[in-house]
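Sending over a structure as structure tokens; questions will come in a sec.
Quick note: the coordinates plus some simple rules give every number you see, no bench work behind them. Just so you know, these numbers come straight off a predicted model, no measurement behind them. We place every Cβ from the backbone using ideal geometry, glycine too, and count neighbours over all the protein chains shown.
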Amino acid sequence: MTTTIHEEIKFNTTPEKVYQALTDSKQFSKMTGDAPADIQAEAGGSFSCFGGMIEGRMIELLENERIVQAWRAGNWESGMYSIAKFELKQEGNETLLIFDHTGFPEGQGDHLRTGWQENYWKPLKKFLGA
């Protein structure tokens with residue numbers, strides 16, 4: 001069973017553009033096909049995306065470098081949160097996103113891994129032209 005998701009994804013753009021797409025409500029909504037998003041880009045700020053299907057709190061924000069979220073799916077047991085960590089590293093003309101997702105309910109790993117690919121990485125690459 002998968003209890004941790006670790007992925008490394010390259011984007012042909014700057015860390016600033018990736019960071020903004022993940023922390024700005026309007027950009028995130030546009031990236032995901034106009035799915036409603038409300039993101040408070042500050043430590044302790046709440047976020048809700050995909051019309052409330054995903055929600056949580058921003059634990060740490062280091063502009064253009066790191067995003068750490070207490071992250072949950074809307075259908076999880078009340079009070080159940082996982083940790084989603086996005087690290088952004090400039091590599092020449094590209095940005096390497098190092099992603100780690102831990103602490104999610106047992107048996108959810110495969111579903112979540114597919115969700116990150118289909119709902120975050122693919123749309124983000126398309127949105128950024130990366």
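So in segment 66-87, with the set limited to residues that are surrounded by 13 or more Cβ atoms within 10 Å (Cβ to Cβ) and of a type in the set (Ser, Thr, Tyr), which one is nearest to Gly103 (Cα to Cα)?
Ser82
Sticking with this one: Restricting to segment 50-65, what's the tally of residues that are in a strand (DSSP E or B), farther than 23 Å from Leu96 by Cβ and not small (Gly, Ala, Ser)?
Let us first name the residues in segment 50-65 that are in a strand (DSSP E or B), namely 54-62.
Now drop any that are not farther than 23 Å from Leu96 by Cβ, which leaves 54-57.
Now drop any that are not not small (Gly, Ala, Ser), which leaves 54-55, 57.
The number of residues fulfilling the criteria is 3.
Then there is this: Determine if segment 40-63 includes at least one residue that is under 12 Å from the mean Cα position of the chain (by Cα) and under 27 Å from Asn93 (Cβ atoms).
No.
If you don't mind, there's one more thing I want to ask. Given the structure, is Glu42 exposed (fewer than 14 other Cβ atoms within 10 Å of the Cβ) and in contact with a Leu (Cβ under 8 Å, 6 or more places away or on another chain)?
Yes, satisfied.
Residue by residue through segment 36-91, note down the ones that are free of Cβ contacts under 8 Å to residues at least 24 places away in the same chain and touching a helix residue (DSSP H, G or I) at 6+ places or on another chain (Cβ under 7 Å).
Across segment 36-91, the qualifying residues are Pro36, Ala37, Asp38, Ile39, Ala41, Cys49.
Based on what the data block shows, is Gly33 surrounded by fewer than 13 Cβ atoms within 10 Å (Cβ to Cβ) and either out of contact with any strand residue (DSSP E or B) (no Cβ under 9 Å at 6 or more places or on another chain) or in contact (Cβ under 8 Å) with a residue 60 or more places away in the chain (or both)?
Criteria met by Gly33.
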